[in-house]
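Asker: The structure under discussion is supplied below as C-alpha cells; questions concerning it will follow.
The values are calculated or read from the model by the stated rules, or taken from the named source; none is laboratory data. Please read all numbers here as calculations on a predicted model, not as lab measurements. Glycine also receives a Cβ, built like all others from the backbone with ideal geometry; neighbour counts cover every protein chain displayed.
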Amino acid sequence: MIATLTSLRQNPASLMPSAAQVAQFAKGLMLPLIGIVLFLFIWHNVAQLIDTSLGKFPGPTQVWEQSTNLIAEHNEERQRAVEFYERQEARNAETLAADPSAEVTIRPYTGKRTFLDQIFTSLYTVMAGFILASMIAVPLGILIGLNEAVYAAFNPLIQLFKPVSPLAWLPLVTMVVSAVYVTNDPLFSKSFLNSMFTVLLCCLWPTVVNTAVGVANVSKDLLNVSKVLSLPPLTHTFKIVLPSALPLMFTGLRLSLGIAWMVLIAAEMLAQNPGLGKFVWDEFQNGSSNSLSRIMVAVLAIGFIGFLLDRSMLFLQRWVSWDKNAVLR
C-alpha cells in the first residue's frame, strides 16, 4: 500500500485516464447522443408533414410542452386534495368544539387521476402480476427441468397457452373475477385483479421455459459431483441446479417482465382499467388539440419505464448470479 502511494506521488500522470479510456468513454457517450439527436431531428421534420383530424402530428416541442403541463396538473390536483382535507379538518374541529361527543369522519378525496397517478397504478399492477407469475413459474420450471415425465405432461399445455393473446384472456378473466370475487368489503378492486391476472397468464411462460431449459442443461460434471457427494434432493437443487440455471432463469424473467408491461397497457386500454392504457384511450376519445401530444408523452413514458424495468432486472441478475457480464449484453 505504501509502495503504491509512493509510486503515485512520484508519477501523478498515472492517475490520468489513458487515451484509449478517453476514446472509449467518448464513444460510449457520443454515439447514443448522436442517435437521440438524429431521432429528434427526423421526428421534428416528419411530424410537420403529417396532418391528422386533430391537426399536425406533434413534434418534440409540443410533446415536451404537454409533459410539463401534465406534471403541473398533477401538482394542482395534489394541492386540491390537501385543501379538501384541510377544510374537513377545520369543520370537524368546529363541530367538536361545539359538541365534544359528536362523531366526525374524514371523507376520501375523489378527484380525477392524474398522469403520474396512472403511471404508479400501472407499475403497481404489473409488479403484482409479475411477482405472482414468477412465484408460480420458477418452481414449475425447476420441476419440469428435473423430471422428464413432468416435462412430457406439461409441454403440450405450455405450447398451447403460450401464444394466447391478452385480448383473448381478458374477457375470461373478467367473467371469472366477477363471479368468484364477491364481497361487501373488497381488499382489491376488480379492475386491479382483472389486469393483474391477465398479466400473470401472459407473462409466466418465458420464465417457465427458460428455467426448465437452464435446469435441464446443468453441467454433467456438476451432476456427477452431486452424485459422488450423495447430496439430498433439496441440497442438490439449491447448491447445484439453481446456481447453474440462474443466467437462463433471469433471461426468462426479463422476457416475462417485458411481456407483462406490454400486456398490461393493452389490458388497461381494452378493459378501461385505471393505468397508462386507460390514459391513452381517454385522450384518444377526448379528441382535443392536445390529445396527440399527450398520447406521445404516454408512449415515451411507457418505453422509458420498460427500459428501466429491464435494466433493473439486469442489475438484479448481476447481483445474485455468477454471470457478472450480464449487464454488458
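Asker: Any residue at all in the range 222-231 that is in a helix (DSSP H, G or I) and of a type in the set (D, E, K, R)?
Answerer: For the range 222-231, residues in a helix (DSSP H, G or I) and of a type in the set (D, E, K, R): present.
Asker: Hey, does the range 203-212 have a residue that's modelled with pLDDT of 85 or more, farther than 30 Å from residue 270 by Cβ and either out of contact with any His (no Cβ under 8 Å at 6 or more places or on another chain) or surrounded by fewer than 17 Cβ atoms within 10 Å (Cβ to Cβ) (or both)?
Answerer: Scanning the range 203-212, I find at least one residue that is modelled with pLDDT of 85 or more, farther than 30 Å from residue 270 by Cβ and either out of contact with any His (no Cβ under 8 Å at 6 or more places or on another chain) or surrounded by fewer than 17 Cβ atoms within 10 Å (Cβ to Cβ) (or both), so the answer is yes.
Asker: Same structure again: Quick one: in the range 92-146, which of the residues that are small (Gly, Ala, Ser) and either in contact with a strand residue (DSSP E or B) (Cβ under 8 Å, 6 or more places away or on another chain) or in a loop (DSSP other than H, G, I, E, B) (or both) is farthest from residue 272 (Cα to Cα)?
Answerer: 101
Asker: Taking the range 307-329 only, how many residues are surrounded by 11 or more Cβ atoms within 10 Å (Cβ to Cβ), at pLDDT below 75 and in a helix (DSSP H, G or I)?
Answerer: Final tally of qualifying residues: 2.
Asker: Starting from the range 274-301, take each residue that is more than 20 Å from residue 111 (Cβ to Cβ) and acidic (Asp, Glu) and list its partners that are buried (at least 20 other Cβ atoms within 10 Å of the Cβ) and modelled with pLDDT under 90, counting only C-beta distances under 7 angstrom and pairs at least six apart or across chains.
Answerer: No pair meets every condition.
Asker: Okay, moving on. I'm told residue 169 meets every condition in (1) in contact with a helix residue (DSSP H, G or I) (Cβ under 8 Å, 6 or more places away or on another chain); (2) under 26 Å from residue 300 (Cα atoms) except one. Can you identify the failing condition by its number?
Answerer: (2)
Asker: Given the residues 200, 167, 193, which is the only one that is aliphatic (A, V, I, L, M), within 20 Å of the chain's Cα centre (by Cα) and farther than 15 Å from residue 125 by Cα?
Answerer: 167
Asker: If we keep just the residues of the range 263-306 that are among the polar types (S, T, N, Q) and assigned to a helix (DSSP H, G or I), which is modelled with the highest pLDDT?
Answerer: Residue satisfying both the conditions and the ranking: 293.
Asker: Still on this structure, I have one more. Look through the range 163-188, keep the residues that are in contact (Cβ under 8 Å) with a residue 60 or more places away in the chain and not aliphatic (A, V, I, L, M), and return whichever of them is surrounded by the fewest Cβ atoms within 10 Å (Cβ to Cβ).
Answerer: Step by step, filter the range 163-188, then rank; the result is 174.
Asker: Okay, next question. Out of all the residues in the range 43-76, which are under 11 Å from residue 296 (Cβ atoms), hydrophobic (A, V, I, L, M, F, W, C) and free of Cβ contacts under 8 Å to residues at least 24 places away in the same chain?
Answerer: Listed by number, the residues that qualify are 43, 47, 64.
Asker: Also: Taking the condition at pLDDT 85 or above, on the phi < 0 side of the Ramachandran plot and out of contact with any helix residue (DSSP H, G or I) (no Cβ under 9 Å at 6 or more places or on another chain), does residue 96 pass?
Answerer: no
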